[in-house]
Structures are given as C-alpha cells and as structure tokens.
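Undergrad: Handing you this structure, nothing more for now.
The values are calculated or read from the model by the stated rules, or taken from the named source; none is laboratory data. Since the structure is predicted, the reported quantities are computational estimates derived from the model, not experimental observations. Note: ideal-geometry Cβ built from the backbone for every residue, glycine included; neighbour counts use all protein chains shown. The area values use the complete protein model at the heavy-atom level, side chains included, leaving out ligands, DNA and RNA. Shrake-Rupley method; radii C 1.70, N 1.55, O 1.52, S 1.80 Å.
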Amino acid sequence: MLTIYKKTTMETTWEAIAEAVKAGTLRELMGVGDEIPLELKTGEKITVQLADIRDRAFFVLKDCMKELKPMNERMTNKGGWAKCRMREWLNGTVLSMLPDDLQGVIQARTIRQGGEETEDKLWLPSFGEMFGENEDWTPVCGDEQFELYKSERSRVKEAGDNGTWWYWLRSPFSSASTYFCLVNSNGTATAGSASASFGVAFGFCI
C-alpha cells in the first residue's frame, strides 16, 4: 500500500494574516514552513516562508533574491548590522519593491546587537535565529533559533541561476573584523568578507 501526499493551496490576504496574528489564531490558518509566492514591483518573483510564530509571525525568503550583494562596500564589519549598507538597502530600495498590501502590514522590529539598537521593517536573520547562539561565531544577543531552521534542509537556499548558494546573516563574525556570518550552500555555518557578494534572503514580521 502506498501513500500519496499532495500539497494544498488556499486563498487569503496579507490583511487576513495580520488579523490572525493579532487574534493569536495564525496556526489555524498556516504552519511553519508554509509558502507564499510574491512578485516584486520590479517583476522579480520570490517566495516567503513562515519561519516562526511567536508574539508575531516571522517570514523569511525561501530562496535568495536573484542579485548577489555585499554587506558593506569596504571589507569591514565595524558597526555591525546597525551601520551596514545591507540594512540601508533593504529598508530603502527593497522595502519599496514589495507589494503595497504587504508593506501595509509589516511591523518594524527592534534589533539589538553589540550595544546598538535599530528599528527595521526588513532584516536578515541573525546567527542565533539560524543556528542557535554560539559564542565561537558571534557575540550572544539572546536570539532564539527560528523553528523553521532547526532542520538543516530548510537552511539551504538557491540564488538565481547559481543554484544552491551562500547567503548572508546580519551577525558579524567574532574572529575577524572584516567578516559577517553566512550560511553555506549545504546549510551549515560559515563566514565571508563583508565586501564580497553573496545571497540575500531577507525577513519581515507581521
């Protein structure tokens, strides 16, 4: 006897998702790992996944945007997430690319890192949110691992025509002043020069 599993689809709106989050009933509507396809105003197609449900719903791109980007123009992680060019690009250029109905329900998130505090609508996951906290990699910030990323398979992402690829986390690498943390193409932790171009899989909260 064989069992066949089929994906099901349903219609909803970002406003309905936001209302379910507010009412504490989102788990009745969708589960961690569920996917929502989107089209940016540029025509680029992306898919977001529900990464965790806490006091808010945390969504992260299933795969990277097609364009590879550096964290900074120069080879430095000085200033961390708060001062990096990636943060500026995401919360300016990329935010404006999102559909208007999604922009209308995204909630700014407070991010604390290295004594700095920022309010961001778009962000990259931290090392802790991806792998769990580890002082050998990056300073502890109290970030709890997202439920979705407790599976190594879920951490593997593609980037355009490159296939499975490395992508950025917002955490500076502890052992080098020029590196930020990355997720390797096989879903494990690594790090790379801040001025090198890697994949971008941003997240947002509702």
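Undergrad: Any idea of Glu135's accessible area? Nearest 10 Å², probe 1.4 Å.
TA: Solvent-accessible area, nearest 10 Å²: 140 Å².
Undergrad: I need the phi-derived Karplus couplings for segment 169-182: 6.51 cos²θ - 1.76 cosθ + 1.60, θ = phi - 60°, integer Hz, Gly and Pro marked x.
TA: The phi angles translate into 10, 7, 7, x, 7, 5, 8, 8, 7, 10, 10, 10, 6, 9 Hz.
Undergrad: Out of Glu73, Glu15, Glu28, any idea which swings most in a Gaussian network model of the chain, alpha carbons joined below 10 Å?
TA: Comparing Glu73, Glu15, Glu28 in a Gaussian network model of the chain, the most mobile one is Glu28.
Undergrad: Taking a probe of 1.4 Å, how large is the accessible area per residue of the chain, in Å²?
TA: On a per-residue basis, the chain sits at 52 Å².
Undergrad: Further question: Would you mind checking which residues have amide H under 5 Å from Leu182's amide H? H placed 1.01 Å from N; only 5 or more apart, or other chain.
TA: HN-HN under 5 Å from Leu182: Leu169, Thr190, Ala191, Gly192.
Undergrad: Could you please put Arg56, Arg109, Arg170, Arg85 in sequence from largest to smallest accessible area, using a 1.4 Å probe?
TA: Arg85, Arg56, Arg109, Arg170
Undergrad: Let me ask something else. Which number do you get for Rg(Cα) / (2.2 N^0.38 Å) in segment 142-185?
TA: After normalising by residue count via 2.2 N^0.38 Å, the value is 1.31.
Undergrad: Using unit Cβ charges (K, R positive; D, E negative) and no other charged atoms, how large, in debye to the nearest 20, is the dipole of the chain about its Cα centre?
TA: With only Lys, Arg, Asp and Glu charged at Cβ, the dipole is about 360 debye.
Undergrad: Sticking with this structure for a sec: Using a Gaussian network model of the chain whose springs link C-alpha atoms within less than 10 Å, name the residue from Gly43, Gly79, Gly163 with the highest mean-square fluctuation.
TA: Maximum among the listed residues: Gly43.
Undergrad: Turning to a different aspect of this structure: Hey, what D do you get for segment 3-77 in µm²/s if you plug the Kirkwood alpha-carbon radius into Stokes-Einstein at 4 °C and 1.567 mPa s?
TA: 88 µm²/s
Undergrad: Once each part is reduced to its C-alpha centroid, what is the distance from segment 37-58 to segment 8-24 in angstrom?
TA: Centre-to-centre (Cα) distance: 13 Å.
Undergrad: With angles folded into 0 to 90 degrees, how steeply does helix 14-23 sit against the dominant principal axis of the chain? Use alpha carbons for both and round to 10.
TA: Result, in degrees: 90.
Undergrad: Also, I was wondering about something else. If I compute solvent accessible area with a 1.4 Å probe over the protein chains, what percent of it on the chain is carbon and sulfur?
TA: That share works out to 46 percent.
Undergrad: Now for a different question. How much net charge surrounds Asn77 when only other residues with a Cβ under 11 Å from its Cβ are counted (Lys, Arg +1; Asp, Glu -1)?
TA: +4
Undergrad: Of the cross-linked pairs Lys41/Lys66; Lys22/Lys121; Lys22/Lys45; Lys45/Lys157; Lys22/Lys83, which ones have a Cα-Cα span greater than 20 Å in the structure shown?
TA: Flagged as over cut-off: Lys22/Lys45; Lys22/Lys83.
Undergrad: Then there is this: Gaussian network model of the chain, Cα springs within a sub-10 Å range: biggest mean-square fluctuation belongs to which of Trp89, Trp166, Trp137?
TA: Its mean-square fluctuation being the largest, the pick is Trp89.
Undergrad: Using the Kirkwood radius over Cα pairs, work out the Stokes-Einstein diffusion coefficient for the chain at 25 °C and 0.890 mPa s, in µm²/s as a whole number.
TA: For these conditions, the coefficient is 141 µm²/s.
Undergrad: For segment 27-172, what does the relative contact order come out to in percent, with C-alpha contacts under 8 Å and a separation of six or more?
TA: 22 percent
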